[in-house]
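*Asks:* I have a structure I would like to understand better, so I am pasting it below and will then ask my questions one at a time.
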Amino acid sequence: MTNTEPRRRNRRGEGGKLRDEIIEAALALLDEGGDERAVTLRSVARKVGIAAPSIYPHFADQPSIMLAVVQGEMDKLTTVLREADDRADRDGRSRLFAVCNAYLGFAEEHPQRYRIMFGGLWTPSAEDTSITDDDLDSLGLEAFGLLAEVLGVCVDEGVAHPSEDLHGDAVALWLGLHGLAHQRAVVRKMPGPDDVGDRLITALAHLR
């Protein structure tokens with residue numbers, strides 16, 4: 001629901017609070033509208049209860065708001081994966097399936113947010129936004145690092161075939177998970193067996 005009440009000004013030193021409120025408003029608009037086209041400087045300002053120019057001390061443009069949203073969601077994904085890893089048995093196979101299935105579960109639970117985490121209309125060309133290539137390249141690095149770590153444990157324990165390019169194998173596994181997650185998000189009913197996720201993980205991780 002749109003916030004129509006005037007917003008009380010933050011006290012001096014509470015600028016970070018307004019920044020958080022802007023991000024929360026963008027997330028709410030995404031959840032309500034379905035995609036990032038619902039997130040404009042004007043709609044965010046209206047949601048928070050401020051004038052649109054009040055956004056500029058915190059965000060240069062709409063893509064920079066979306067970048068902050070995506071960074072926050074990537075942090076949540078990393079937390080979900082680490083918690084799944086912590087709960088799993090300590091052998092590599094158990095850790096790998098726990099992390100991979102947690103990834104798929106996160107995407108299934110938050111399909112709209114998941115879609116914008118990996119691209120979409122919010123990533124314009126570099127000359128049209130304040131966002132840099134380094135900003136985009138940093139997204140998801142912690143989550144990917146955990147996936148690569150548990151895949152490496154599987155190789156070290158001999159439950160996965162030896163790898164000449166562990167990083168490349170981890171990228172392939174990540175992309176496979178992303179493809180399955182995306183298909184589940186965009187089709188009403190996935191074709192194929194119920195255990196297609198486990199089959200994909202087994203194949204791409206080169207498990208024995």
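*Asks:* Could you identify the single residue in Arg37, Arg42, Arg82 that is among the basic types (Lys, Arg) and assigned by TED's automatic domain parsing to the domain that holds His110?
*Replies:* Details: Arg37 fails: assigned by TED's automatic domain parsing to the domain that holds His110; Arg42 fails: assigned by TED's automatic domain parsing to the domain that holds His110.
Only one candidate passes the filter, namely Arg82.
*Asks:* I'd like to check something: does the range 72-82 contain any residue that is within 16 Å of the chain's Cα centre (by Cα), assigned to a helix (DSSP H, G or I) and farther than 23 Å from Asp20 by Cβ?
*Replies:* yes
*Asks:* Let me ask another. When Thr123 is evaluated against the numbered criteria (1) surrounded by 18 or more Cβ atoms within 10 Å (Cβ to Cβ); (2) among the polar types (S, T, N, Q); (3) without any contact (Cβ under 8 Å) to a residue 12 or more places away in the chain, which criterion, by number, is the only one it fails?
*Replies:* Among (1) surrounded by 18 or more Cβ atoms within 10 Å (Cβ to Cβ); (2) among the polar types (S, T, N, Q); (3) without any contact (Cβ under 8 Å) to a residue 12 or more places away in the chain, Thr123 violates only (3).
Table: residues versus (1) loosely packed, with under 15 Cβ neighbours inside 10 Å; (2) under 30 Å from Tyr56 (Cβ atoms); (3) within 21 Å of the chain's Cα centre (by Cα).
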position: Phe118; (1), (2), (3): no, yes, yes
position: Gly140; (1), (2), (3): no, yes, yes
position: Ser163; (1), (2), (3): no, no, no
position: Gly176; (1), (2), (3): no, no, yes
position: Gln183; (1), (2), (3): yes, no, yes
position: Asp195; (1), (2), (3): yes, no, no
position: Ala205; (1), (2), (3): no, no, no
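*Asks:* Right, here's the next one. Go through the range 20-63 and give me each residue that's surrounded by 17 or more Cβ atoms within 10 Å (Cβ to Cβ), more than 15 Å from the chain's Cα centre (by Cα) and touching a residue at least 60 places away in the same chain (Cβ under 8 Å).
*Replies:* Val39, Gln62, Pro63
The values are calculated or read from the model by the stated rules, or taken from the named source; none is laboratory data. Computed from a prediction, not measured in an experiment: that's the story for all the values here. Reconstructed Cβ throughout: ideal geometry from the backbone, glycine too, with neighbour counts over all protein chains shown.
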